[in-house]
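Inspection log for the structure reproduced underneath, given as structure tokens.
The values are calculated or read from the model by the stated rules, or taken from the named source; none is laboratory data. Keep in mind that what you see is a predicted model, and the values were worked out from it rather than measured. Every residue, glycine among them, receives a Cβ derived from its backbone with ideal geometry; neighbour counts consider all protein chains shown.
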Amino acid sequence: MASMKTLEQLLVKELKRELRERGLTLGGNRDALATRLRQALLDEDEDPDTYLFELKPDVVELMIAMQVQMNSGQKNIKEKDKMDSGIKTELLTMNQRIQGMEETINQRINTIDEQMKQRVDAVEKAIE
């Protein structure tokens with residue numbers, strides 16, 4: 001998406017791009033660049049105070065921004081994978097603990113069941 005700027009709103013890199021497109025010298029500070037571009041516009045019969053420059057996004061800047069976003073996305077994916085791995089490990093550990101507890105509880109139930117049977121048998125014998 002292109003944006004429109006006046007000569008006074010142009011950044012140094014934008015001034016240099018406009019000068020480069022016109023085959024003019026790129027050296028000097030911002031004021032020198034703006035003066036040079038102002039004269040070029042006058043030579044082109046344009047009013048430098050009202051002329052609007054159509055600035056298209058710099059392809060290199062767009063590519064850098066896309067690369068930064070891609071790197072950020074890849075980092076997020078790696079962090080998510082790391083978290084997923086940690087969660088899976090925790091779930092496995094918890095399942096193993098639960099299985100161990102189930103075995104212990106079942107053994108205790110069986111022991112209590114045996115003790116109750118023995119007591120019932122003893123009471124039945126005592127009643128007879």
Quiz prompt | Among (1) in contact with a Leu (Cβ under 8 Å, 6 or more places away or on another chain); (2) part of a strand (DSSP E or B), the one test that residue 51 misses | solution = (2)
Quiz item: Any residue at all in the range 25-32 that is touching a residue at least 24 places away in the same chain (Cβ under 8 Å), assigned to a helix (DSSP H, G or I) and of a type in the set (Gly, Ala, Ser)?
Solution: no
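Is it true that residue 61 is of a type in the set (D, E, K, R), modelled with pLDDT of 90 or more and out of contact with any Cys (no Cβ under 6 Å at 6 or more places or on another chain)?
Taking the combined requirement at face value, the residue does not satisfy it.
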Quiz item: If you go through the range 1-40, how many residues are surrounded by fewer than 18 Cβ atoms within 10 Å (Cβ to Cβ) and among the aliphatic types (A, V, I, L, M)?
Solution: 9
Quiz item: Of the conditions (1) under 36 Å from the mean Cα position of the chain (by Cα); (2) touching a residue at least 40 places away in the same chain (Cβ under 8 Å), residue 70 fails just one. Which one is it?
Solution: (2)
